[in-house]
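The values are calculated or read from the model by the stated rules, or taken from the named source; none is laboratory data. What you see is a predicted model; the values in this text were computed from it and never measured. Cβ: placed from backbone, ideal geometry, glycine included. Neighbour counts: every protein chain shown.
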Amino acid sequence: MKAVITVTGKDVVGIIAKVSAACAENHANIIDISQSVLDEYFAMIMVVEIDQIAVEFTKFVEKMEALGAENGLVIHTMHEDVFNAMHHI
Amino acid sequence: MLNMNDILETIHMIEGENLDIRTITMGISLLDCVSEDEDRFCEKIYDKITRKAEKLVAVGEEIEKMYGIPIVNKRVSVTPLAIAGGALSRDGFVKAAKALDRAADTLGINFIGGFGALVHKGFTPGDRNLLAAIPQALCETGKVCSSVNVASTKAGINMDAVKQMGDIIKETAYLTRDNDSIGCAKLVVFTNVPEDNPFMAGAFHGVGEPDTVINVGVSGPGVVASAIKRAGDCDFSTLADIIKKTAFKITRMGQLVAYEASRRLDTPFGIVDLSLAPTPAIGDSVAHILEGMGLEQCGAHGTTAALALLNDAVKKGGVMASSHVGGLSGAFIPVSEDQGMIDAVSAGSLSLDKLEAMTAVCSVGLDMIAIPGDTPADVICGIIADEISIGVANTKTTAVRVIPAWGKKPGDMVSFGGLLGYAPVMRLNEKSPAAFIARGGRIPAPIHSLKN
């Protein structure tokens, strides 16, 4: 199973490093990253595998959210089912 | 395979266009709580509701977190109390309403529906006692919602019940006069009432339902409004297609949440109600969808046609997205809960008569409309009779939720707070229908009810 992590906020040094480190710490394997910076505004979408994650998925969602709050970013983590349900028959 | 554009579209719908799951409503049968003893009955219904729905709020919050989609309300609907509590006295029903309110507090839900009766063909003694208890029950509880079905296409209209509802609405308005007559915002008069509707104030758990069931109401007027805006100048076929596609996506979200809630709560999945339910929040208005189609303001001539197109396209798009569609399913047009409607009424563009016409093609009826506090009960009965006739003749659900706001005159503002919003008091036709209403008895069912 996969989850989608979206990160948005003002660009600073080390955002990807921090988010990636949190993923590694929780055993979420990154399989895709798409990232851009527009007018100092950072936006990233990351797809991670969550079959092996070390904590319950909802706890992982909370941890990532907290990481965002600590760094002035907005981080949303959503289960892939929501995108599949909406866009695939 | 996850596609970046799809991901961005979904996130934008949630973050920028107010897409949400409006409610997860657990229906609970109270038929096995029957007792002649009032206190015993209250104890049994409190115990059953708090036992069966114990995890409802927690599970709702878990799903919210997992999918990143807001689930605004978690609610409970129960068997109409007049049926489950058929042996109760008037005071017994007031006690039972308080037991429901306590159960809602314990569970942490914001509304509990089912303090109601089905009287489309006549009254049982229990129905009479419950109806007599409604004003006091709504005054002395905060979360209990009441609905009374006074007609159906099969049975015709119980005009005695319509007459009584006029008095009940007036008394409820008086008893809750210190709070802009808010009691009336929790009281709906129906025809052809659906037994699986998850939306308040009309939700109840029908007698043909299983012991417990999960029904989910989706929403998303903002998503539809944005899609129409993006499409720009297109013809009606294209417009209908855009609404259908959007409704499909919204409903798929509802189906996913309903399925997951049903699994986690070990409760059968009932239906997804694919309604466009507005809120007073900016960008969450059904009126703005109609205006986005090209009307200068909601209420202009053409509004009924626009609403008919919207209502039909929402159903067509949603029906394939869910395994079971039910409830009210369509576009709601509550005045106080929709910023565009509030503005249209304030500007004089939207009259009660136009709203009545719109209810012939929307999913419910005259909803959350503030009327002058000195409106005679007979006039309220006339409003109910007209609206109910539209439903009976068209084999559809219609309903009336009007608030005769105590001490308020046309043009004054009434505020209910939260999702219930605020509304300008509307002007009514003051000619009296008293002699018509006083006839009593039943208006016979229309000829097309004889389908067998």
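Here are the criteria: (1) modelled with pLDDT under 95; (2) of a type outside the set (Asp, Glu); (3) assigned to a helix (DSSP H, G or I). Tell me which single one B:Ser329 does not satisfy.
Against the list (1) modelled with pLDDT under 95; (2) of a type outside the set (Asp, Glu); (3) assigned to a helix (DSSP H, G or I), B:Ser329 comes up short only on (3).
When you look at B:Gly440, is it more than 22 Å from B:Val119 (Cβ to Cβ) and loosely packed, with under 15 Cβ neighbours inside 10 Å, yes or no?
no
Taking region A:59-89 only, how many residues are in contact with a Gly (Cβ under 9 Å, 6 or more places away or on another chain) and among the hydrophobic types (A, V, I, L, M, F, W, C)?
Qualifying residue count for the region: 6.
Pull up region B:1-25, narrow it to residues that are away from chain A (no Cβ under 12 Å) and part of a loop (DSSP other than H, G, I, E, B), then point me to the one that is nearest to the chain's Cα centre (by Cα).
Within region B:1-25, the match that is nearest to the chain's Cα centre (by Cα) is B:Asp20.
Could you list all residues from region B:242-259 that are crowded, with 22+ Cβ neighbours inside 10 Å and of a type outside the set (S, T, N, Q)?
The answer is B:Ile243, B:Ala247, B:Lys249, B:Ile250, B:Arg252, B:Met253, B:Gly254, B:Leu256, B:Val257, B:Ala258.
What tally of residues in region B:117-148 results from selecting those that are within 18 Å of B:Asp105 (Cβ to Cβ) and touching a Ser or Thr at 6+ places or on another chain (Cβ under 6 Å)?
Looking only at that region, the number is 2.
So in region A:53-89, with the set limited to residues that are buried (at least 16 other Cβ atoms within 10 Å of the Cβ) and assigned to a loop (DSSP other than H, G, I, E, B), which one is nearest to the other protein chains (Cβ to nearest Cβ)?
The extreme case among them is A:Glu80.
Check off (1) farther than 30 Å from B:Ala117 by Cβ; (2) more than 14 Å from chain A (Cβ to nearest Cβ); (3) aliphatic (A, V, I, L, M) for B:Ile28 and give me the number that stays unchecked.
With respect to (1) farther than 30 Å from B:Ala117 by Cβ; (2) more than 14 Å from chain A (Cβ to nearest Cβ); (3) aliphatic (A, V, I, L, M), B:Ile28 is out only on (1).
Kindly indicate whether any position in region B:45-55 is surrounded by 22 or more Cβ atoms within 10 Å (Cβ to Cβ) and either assigned to a helix (DSSP H, G or I) or within 14 Å of another protein chain (Cβ to nearest Cβ) (or both).
Yes: region B:45-55 contains one or more residues that are surrounded by 22 or more Cβ atoms within 10 Å (Cβ to Cβ) and either assigned to a helix (DSSP H, G or I) or within 14 Å of another protein chain (Cβ to nearest Cβ) (or both).
How about region B:385-430: which strands (runs of 3 or more DSSP E) wholly inside it have at least 1 residues that are surrounded by fewer than 24 Cβ atoms within 10 Å (Cβ to Cβ)?
B:413-415, B:422-424
Looking only at region B:70-99, count every residue that is of a type outside the set (A, V, I, L, M), over 19 Å from the mean Cα position of the chain (by Cα) and surrounded by 24 or more Cβ atoms within 10 Å (Cβ to Cβ) and tell me the total.
Of the residues in that region, 2 qualify.
Restricting the first residue to region B:151-179 and requiring it to be at positive phi, which pairs with a second residue that is surrounded by fewer than 20 Cβ atoms within 10 Å (Cβ to Cβ) meet a Cβ separation below 6 Å and a spacing of at least six or different chains?
Cβ pairs passing all conditions: B:Gly156/B:Arg442; B:Gly156/B:Ile443; B:Gly156/B:Pro444; B:Gly156/B:Ala445.
Hey, among the residues in region B:171-194 that are more than 17 Å from the chain's Cα centre (by Cα) and buried (at least 21 other Cβ atoms within 10 Å of the Cβ), which one's farthest from B:Gly27 (Cα to Cα)?
Here the answer is B:Asp180.
Look at region B:203-224 and say how many of its residues are acidic (Asp, Glu) and touching a Gly at 6+ places or on another chain (Cβ under 7 Å).
Counting residues in region B:203-224 that are acidic (Asp, Glu) and touching a Gly at 6+ places or on another chain (Cβ under 7 Å) gives 1.
Is there a residue in region A:17-24 that is facing another protein chain (nearest Cβ under 9 Å), without any contact (Cβ under 8 Å) to a residue 60 or more places away in the chain and touching a strand residue (DSSP E or B) at 6+ places or on another chain (Cβ under 9 Å)?
For region A:17-24, residues facing another protein chain (nearest Cβ under 9 Å), without any contact (Cβ under 8 Å) to a residue 60 or more places away in the chain and touching a strand residue (DSSP E or B) at 6+ places or on another chain (Cβ under 9 Å): absent.
For region A:32-52, name all the residues that are surrounded by fewer than 18 Cβ atoms within 10 Å (Cβ to Cβ) and more than 10 Å from every other protein chain (Cβ to nearest Cβ).
Within region A:32-52, A:Ile33, A:Gln35, A:Ser36, A:Val37, A:Leu38, A:Asp39, A:Glu40, A:Tyr41, A:Phe42, A:Glu49, A:Asp51, A:Gln52 meet the criteria.
Take the residues in region A:1-16 that are of a type in the set (A, V, I, L, M) and either farther than 21 Å from B:Glu15 by Cα or more than 14 Å from every other protein chain (Cβ to nearest Cβ) (or both), then tell me which one is surrounded by the fewest Cβ atoms within 10 Å (Cβ to Cβ).
A:Val13
If you go through region B:264-273 one residue at a time, do you hit one that is assigned to a strand (DSSP E or B) and surrounded by fewer than 23 Cβ atoms within 10 Å (Cβ to Cβ)?
Within region B:264-273 (the criterion being assigned to a strand (DSSP E or B) and surrounded by fewer than 23 Cβ atoms within 10 Å (Cβ to Cβ)), the answer is yes, since at least one residue qualifies.
In this structure, is A:Ala28 touching a residue at least 12 places away in the same chain (Cβ under 8 Å), in contact with a helix residue (DSSP H, G or I) (Cβ under 8 Å, 6 or more places away or on another chain), away from chain B (no Cβ under 11 Å) and small (Gly, Ala, Ser)?
Judged against the criteria, A:Ala28 is a match.
Taking region B:230-241 on its own, how many of its residues are at pLDDT 95 or above and not aromatic (Phe, Trp, Tyr)?
7
Within region B:236-273, which residues are hydrophobic (A, V, I, L, M, F, W, C), more than 14 Å from chain A (Cβ to nearest Cβ) and within 18 Å of B:Tyr67 (Cβ to Cβ)?
B:Leu265, B:Phe269
Identify all residues within region B:283-311 that are at pLDDT 95 or above and at positive phi; write none if there are none.
Hits for region B:283-311 are B:Gly294, B:Gly299, B:Gly302.
Test B:Arg75 against the criterion of being outside the structural domain of B:Val286 (by TED's automatic domain parsing), at pLDDT 95 or above and touching a Ser or Thr at 6+ places or on another chain (Cβ under 9 Å), and give yes or no.
yes
For the list (1) surrounded by fewer than 22 Cβ atoms within 10 Å (Cβ to Cβ); (2) within 14 Å of another protein chain (Cβ to nearest Cβ); (3) of a type outside the set (S, T, N, Q), I need the number of the one condition that B:Gly60 fails.
For B:Gly60, the exception is condition (1).
Go through the residues of region B:138-147 one by one and say whether even a single one is of a type in the set (Gly, Ala, Ser) and either at pLDDT below 95 or part of a helix (DSSP H, G or I) (or both).
Within region B:138-147, none of the residues are of a type in the set (Gly, Ala, Ser) and either at pLDDT below 95 or part of a helix (DSSP H, G or I) (or both).
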